Amino acid sequence: MQLPVPPTSTAVAGLRALKSVALADGAIHTLERQYIDAIQTHLLKVDAQFDALEFIDGVTLAEAVPDMMFRERILRGAIMVALMDAEVSPEEEALIEEYAKAMGTETASLRTLKRIAHQRMAMLKIDIVRRGFIGKRLKLLYEQKGLRGLKEAFDAIRGKENPRLRDKYLALENKPEGSLGRAYWAFTKDSGFAFPGEVGGPPEPLVFHDCVHVLADYGTTISEEANVVAFQGGFQNYDPLHTLLFVVAQFHLGIAISPVAGAEHMGITNMEDVVKSFILGTQCKRDLSDGWDPWVDFDTPVEELRARYNIILRP
């Protein structure tokens, strides 16, 4: 998903909005500043002094940003800023709501923010799952296998063993060295994870995520998990916001969204890495979360797949 660079006037107005939200509760948190700096440096590529950026209200912001695409990006960025200190203040919520109303931007993102702010966890989880990559994979599973496929996935979440599925994945050990199948098998073993079909293993629709770990060379610490999901958000051909909200909720707000990974409170310590991973993901030529079946590529060398899909590794 390529991200067009906005005009300088739009970029500066967006930076003013992000800073205004960060200051709405009286102080700028370290991660808020990291996030805004990373957006300015790596996405907006605009030369502006942070200390000189002035407060901007909703009407002024809407006048400065006529393009709806950039308006929506600014709103999403503002929502991310509000979550960086792990608490959405009433002042932050009110300012973002003012921006959304003035710009006429989508309401789904705002509803999700309100659910976080007001601790409506059940609906929040449904929002993030339905609108993010997990919902996309479950929808594909239903289209391919119907209710039987969904039952297999929910059996896995409940810890039920599936010997047929387990044996299929254990056999990946026999794939050629250097292939994605063998690399995925090694990644799973080395990480101490269970395979699909084993007790504690992931539902099969989420195998693609571990394959992205392999292809993009991300580890399994909390920070690396945050980065690899941000990378996924970058290559998505649909709205990445709820995937990025998954990152913040799961690894920073301590809200368990994933059925197979533990949540971590204040686990993100470097927002620049998250933003840079997202940008690397935007260079990928294919959305691996939408319609990609890893089994089609399990015999193919990892290096060949990186070239085919333009997966750029971190320096």
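Summary of computed values
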{"quantity": "Inter-site label distance for Asp67 and Ser191 at 7 Å from Cα along Cβ, in nm", "calculated": "3.6 nm"}
{"quantity": "Longest segment of the chain lacking GluC sites (Glu not before Pro) that sit in a DSSP loop with at most 13 other Cβ atoms within 10 Å", "calculated": "178-315"}
{"quantity": "Using a Förster distance of 41 Å, the FRET efficiency for Ala307-Glu91 (Cβ separation, nearest 0.05)", "calculated": "0.25"}
{"quantity": "Probe 1.4 Å, accessible area per residue of the stretch 26-78, Å²", "calculated": "51 Å²"}
{"quantity": "Heavy-atom accessible surface of the chain: percent carbon and sulfur, 1.4 Å", "calculated": "53 percent"}
{"quantity": "Accessible area expressed per residue, the stretch 185-280, with surrounding protein chains retained (probe 1.4 Å, Å²)", "calculated": "30 Å²"}
{"quantity": "Helix-only mean residue ellipticity at 222 nm for the chain, each DSSP H run of n ≥ 4 adding -39500 (n - 2.57), per residue, nearest 500", "calculated": "-18500 deg cm²/dmol"}
{"quantity": "Computed FRET value (nearest 0.05) for Glu98 with Leu3, which takes r as the C-beta separation and R₀ as 25 Å", "calculated": "0.50"}
{"quantity": "Percent RCO, i.e. relative contact order, over the chain, from Cα pairs under 8 Å lying at least 6 residues apart", "calculated": "19 percent"}
{"quantity": "Potential lengthening between Ala27 and Glu54 on full extension [0.36 nm per residue; Cα-Cα distance subtracted]", "calculated": "8.3 nm"}
{"quantity": "Segment Thr269-Leu170, length gained on full extension (0.36 nm per residue, minus Cα span)", "calculated": "32.1 nm"}
{"quantity": "Around Pro66: net Lys/Arg minus Asp/Glu count, Cβ-Cβ under 14 Å", "calculated": "-1"}
{"quantity": "Computed label-point distance, nm, for sites Val296 and Glu177 using a 7 Å Cα→Cβ extension", "calculated": "2.9 nm"}
{"quantity": "Positive-end residue, the chain charge dipole about Cα centroid, Cβ charges, pick of Pro205, Ile279, His29", "calculated": "Pro205"}
{"quantity": "Residue-span extension gain [Arg286 to Thr41] - 0.36 nm each, minus C-alpha spacing", "calculated": "85.7 nm"}
{"quantity": "Selected from Asp167, Asp190, Asp297 as most flexible by GNM, with the chain as the system and alpha-carbon contacts under 10 Å", "calculated": "Asp190"}
{"quantity": "Entries in Lys145/Lys189; Lys114/Lys145; Lys19/Lys45; Lys145/Lys168; Lys139/Lys189 that, when Cα-Cα distance is taken, lie over 24 Å", "calculated": "Lys145/Lys189; Lys114/Lys145; Lys139/Lys189"}
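The values are calculated or read from the model by the stated rules, or taken from the named source; none is laboratory data. All of these numbers come straight from a predicted model, not from anything done at the bench. Ideal geometry is used to build each Cβ from the backbone, glycine not excepted, and the neighbour counts take in all protein chains shown. Heavy atoms of the whole protein, side chains included, go into the accessibility calculation; ligands, DNA and RNA do not. Shrake-Rupley method; radii C 1.70, N 1.55, O 1.52, S 1.80 Å.
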